[in-house]
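Down below is the structure, laid out as structure tokens.
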Amino acid sequence: YVAAVYEHESILSPTPAALVERRSALELMGRNLDIYEQQVLAAARQGAQIIVFPEDGIHGFNFTRSSIYPYLDFVPHSHSGKWNPCREPYLYNDTEVVQRLSCMALKNKIFLVANLGTKQPCEHSDPQCPSDGRYQFNTNVAFAADGALLATYRKHNLYFEYAFDTPPEPDYAFFDTPFAGKFGMFTCFDILFFEPAVNLIRQYNLKQIVYPTAWMNQLPLLSAVEFQQAFATAFNVNVLAANIHHPTLGMTGSGIYTPVKSFIYHNMESYGGKLIVAEIPVITADYKTNLEKTPGRLSEKGKEQSPPSFYAEMMYDNFTFVPLWGEKGELEVCANTLCCYLNYRRAVLTDELYALGVFDGLHTVHGTYYVQACALVKCGGLSFSTCGQEVTDATALIDFQLWGNMSTPYIFPLLLTSGITLDFADHMGWKNNHYFLSKNRTSAGLLTAALYGRWYEKD
């Protein structure tokens with residue numbers, strides 16, 4: 001099928017904390033929707049059957065709970081009847097944004113997914129009802145090609161979004177299409193958690209995911225395109241990911257991903273939006289690619305001594321590292337119960353420092369979640385203290401096999417190359433209770449090769 005995602009440089013309110021009238025809120029959102037309209041038309045002309053827009057793309061961010069209120073639409077959450085906002089605009093008040101989105105889908109005969117702020121009145125008899133008598137949700141909406149509202153999803157894992165409420169229960173949101181079956185839906189930070197993202201995919205055996213996000217890149221392990229790709233690979237799903245474009249805030253990185261190929265956009269230099277359109281295969285069979293490929297044997301640890309280990313901070317976590325010295329070698333580094341192993345050979349010896357790091361513990365900055373990671377990274381300079389820094393360019397081509405005795409089945413294989421480009425492993429999967437990733441000769445200089453494990457039970 002042909003899919004489209006749009007990385008949108010949203011027009012933001014200069015004073016998001018100021019209280020404004022609904023009229024001026026609609027005026028600002030209208031300017032963003034005008035851009036959406038042009039992009040839906042462009043995507044439809046290129047044959048796209050579905051288009052996905054980013055999180056916060058219509059209203060922006062940095063609101064307070066009261067200042068966002070004029071920007072919120074009313075969207076019935078579980079509507080028994082089929083509502084078509086474009087054809088039945090008078091059914092509910094405060095639905096101007098939803099109506100415009102519905103009409104774009106209808107006019108261009110395309111499935112459309114977008115993110116907006118929504119409100120839902122609640123009774124004070126509801127123990128979770130906020131004191132102002134309403135819920136405010138960060139919401140995705142999906143429309144059919146005839147403009148009908150198919151599904152809504154309220155973001156569960158909020159990322160310092162004080163204007164919004166967490167829904168009382170996680171939403172498991174998906175919708176059906178004639179061209180690729182069911183699509184599941186979640187938002188941004190949700191991708192790092194079991195609820196609802198992983199549970200949704202497992203319970204409903206979903207093979208296509210739509211993913212609006214407003215993601216601030218964090219190298220070396222959580223760049224947007226890097227993690228979106230890893231998610232598609234780990235769960236053997238197609239992911240249609242639309243990010244916001246604000247390079248000054250570190251926000252860029254969208255793509256259309258299959259488990260074996262990616263169409264990505266990552267651009268920190270220029271401004272303006274970007275439409276990606278690609279034709280990808282529908283995934284149907286529930287084959288677990290990661291489990292079937294058997295590699296060459298995992299060679300046991302050689303007798304040579306590993307170089308001395310050292311500590312450095314990476315992604316706000318205290319990693320234990322060993323340096324890669326010489327053109328080839330076998331390394332081991334452990335922390336808690338996790339041991340990481342690496343066999344490597346450098347094609348050409350460059351004057352770049354690389355290190356193999358391990359972390360097994362609770363990550364506590366910008367969110368709390370348990371991580372098990374084995375990571376081969378290029379350091380920022382030649383001293384040990386620069387390992388774990390954000391690096392975007394590298395020249396070293398390295399053949400490697402990386403493996404670890406991970407305690408969780410949820411492993412995201414990361415493979416990032418120079419200029420924030422992606423590569424694909426030759427082999428990966430489980431063998432002898434270890435997860436491994438191997439690659440002969442990356443397509444560009446290696447930035448990061450990592451096994452990023454999420455041990456959800458220990459959150």
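Overview of results
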read-out	value
Distance between modelled label sites at GLN128 and VAL365, nm, 7 Å Cα→Cβ extension	3.2
Residues LYS458 and ASN267, FRET efficiency given R0 of 41 Å [Cβ-Cβ distance, rounded to 0.05]	0.65
Sorted peptide list for 184-193, 59-68, 160-169, criterion being average Cβ within 10 angstrom, highest first	184-193, 59-68, 160-169
Long-range lysine pairs (8 or more apart or interchain), segment 310-458, Cα under 23 Å	4
Cα coordinate range in segment 310-458, projected on the principal axes (Å, largest first)	42, 32, 26
Percent of Cα pairs exceeding the 39 Å cut-off, where the set is the chain	24
Sparse-neighbour loop sites [trypsin sites (Lys or Arg not before Pro); segment 77-117; at most 16 other C-beta within 10 Å; DSSP]	LYS82, ARG87, LYS109
Overall form of segment 79-132 per C-alpha gyration tensor (a/c, 1.5; a/b vs b/c)	prolate
Debye equation applied to the C-alpha atoms of segment 40-128, log10 I(q)/I(0) at 0.23, 0.26 Å⁻¹	-1.24, -1.36
Partnerless Cys - the chain, beta-carbon criterion under 4.7 Å	CYS188
GLN389-ARG23 pseudo-label distance in nm [points 7 Å out on the Cα-to-Cβ vector]	5.4
Gyration tensor (alpha-carbon) shape descriptor, segment 156-238, a/c threshold 1.5	oblate
Charge-dipole axis of the chain as Lys and Arg at +1 and Asp and Glu at -1 on Cβ define it, positive-most pick from ILE283, ASN199, LEU149	ILE283
Mean separation of Cα contacts under 8 Å, 6 or more apart, over the residue count of segment 2-279: relative contact order %	21
Among 427-439, 138-150, 391-403, the order from most to least packed when residues are scored by Cβ within 10 Å on average	138-150, 391-403, 427-439
Whole-Å distance, taken between Cα centres, linking segment 251-277 and segment 125-151	28
Alpha-carbon gyration tensor eigenvalues x 5, square-rooted, for segment 53-183, Å	25, 15, 15
Selected from PHE319, VAL377, TYR159, residue furthest toward positive end of dipole (the chain; charges at beta carbon)	VAL377
Farthest positive-ward along the chain dipole, Cα basis, beta-carbon charges - from VAL2, ILE411, THR118	VAL2
Kyte-Doolittle mean at least -0.5 and Cα axial length at least 24 Å: DSSP H helices in the chain	22-45
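No lab work stands behind these numbers, since they all come straight from the coordinates. Nothing here was measured: the structure is a model prediction, and the numbers come from that model. Quick reminder, even Gly has a Cβ in these numbers, built from the backbone with ideal geometry, and neighbours come from all protein chains shown.
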